[in-house]
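We did not get these values from a lab; they are worked out from the coordinates using the rules stated. In this text, all values refer to a predicted model and were calculated from it rather than measured experimentally. As a convention, Cβ positions derive from the backbone with ideal geometry for all residues, glycine included, and neighbour counts pool all protein chains shown.
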Amino acid sequence: VLSGVIALAKETSSGNRVIINLLEAGEIFGEMAAYSGQKKWPVTVSAHTDCTVMFFPAEKIVGCCNNICYCHQKMILNMLKIVSNRALLLNKKVEYHSLKTLRCKIATYLLEMYEKSGKSTFQLALNRNELAEFVNASRPSLSRELGKMRDEGLIDFFSSAIKIKNLEALKKLCE
């Protein structure tokens with residue numbers, strides 16, 4: 001991704017769209033499919049914002065050049081690191097889906113955004129529809145649960161801004 005943000009999504013067997021990840025400038029996608037040799041990638045890629053992407057033929061990435069040059073070796077090592085990090089991300093996604101309640105999924109997501117921003121007030125990277133897709137819930141259920149969390153004094157929100165008001169209570173939701 002050269003500029004902008006792209007969304008990686010998958011459609012469930014029931015036809016619901018689930019956002020797997022959002023990628024920003026400097027991040028890559030398709031590397032696992034390139035190394036696996038599969039011709040079809042199992043997710044849909046779409047523009048989340050205006051974006052520019054660069055595509056490489058898979059054989060240019062996974063194959064070695066005849067000279068076995070330093071640059072190519074470095075690229076392969078970097079790809080291995082990226083694929084490993086992606087495996088860790090997918091493991092985290094499995095963790096999300098193993099969480100029992102919508103409340104726990106929301107709390108986990110908000111705590112991750114809090115840690116990433118380092119502030120108790122932060123902007124969500126996803127809109128409500130996308131967040132609902134990310135936690136695999138309906139939009140009304142997500143809004144209802146966010147409203148309950150606000151009424152209980154755990155969080156406050158306005159538009160895409162979230163403020164964590166009771167960090168300790170939010171952490172305890174998934175214990």
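Just how large is the dipole of the chain about the Cα centre, in debye to the nearest 20, putting +1 at every Lys and Arg Cβ and -1 at every Asp and Glu Cβ? Intermediate results must be reported in sequence, preceding the final value.
On the way: 24 positive and 17 negative charges, 54 e Å.
In total the dipole reaches around 260 debye.
A simple spin-label model places the labels of residue 157 and residue 14 2.0 nm from each other, with each point 7 Å out along Cα-to-Cβ. The stretch between residue 73 and residue 36 holds 11.5 nm of extra length on full extension. This uses 0.36 nm per residue minus the Cα-Cα distance.
Based on DSSP H runs of at least 4 residues, each adding -39500 (n - 2.57), what is the mean residue ellipticity at 222 nm of the chain after dividing by all its residues, to the nearest 500 deg cm²/dmol? Don't skip to the end; give the middle numbers.
Numbers: 7 runs with 82 residues, N = 175.
Computed mean residue ellipticity for the chain: -14500 deg cm²/dmol.
Indicate the gyration tensor shape class of the stretch 103-175 (rounded, prolate or oblate), computed on the Cα atoms with a ≥ b ≥ c the square roots of the eigenvalues: a/c under 1.5 is rounded; otherwise a/b larger than b/c is prolate and the rest oblate. Here the stretch 103-175 falls in the rounded category.
Note on residue 116: lysines with a C-alpha under 29 Å away, same-chain residues under 8 apart excluded, are 10, 74, 81, 92, 93, 100, 105, 148, 163, 165, 171, 172.
Backbone geometry of the stretch 5-21 corresponds, through the Karplus equation with coefficients 6.51, -1.76 and 1.60 at θ = phi - 60°, to 3J(HN,Hα) couplings of 9, 10, 10, 9, 9, 9, 9, 6, 5, 8, x, 7, 8, 10, 6, 7, 6 Hz, x marking Gly and Pro.
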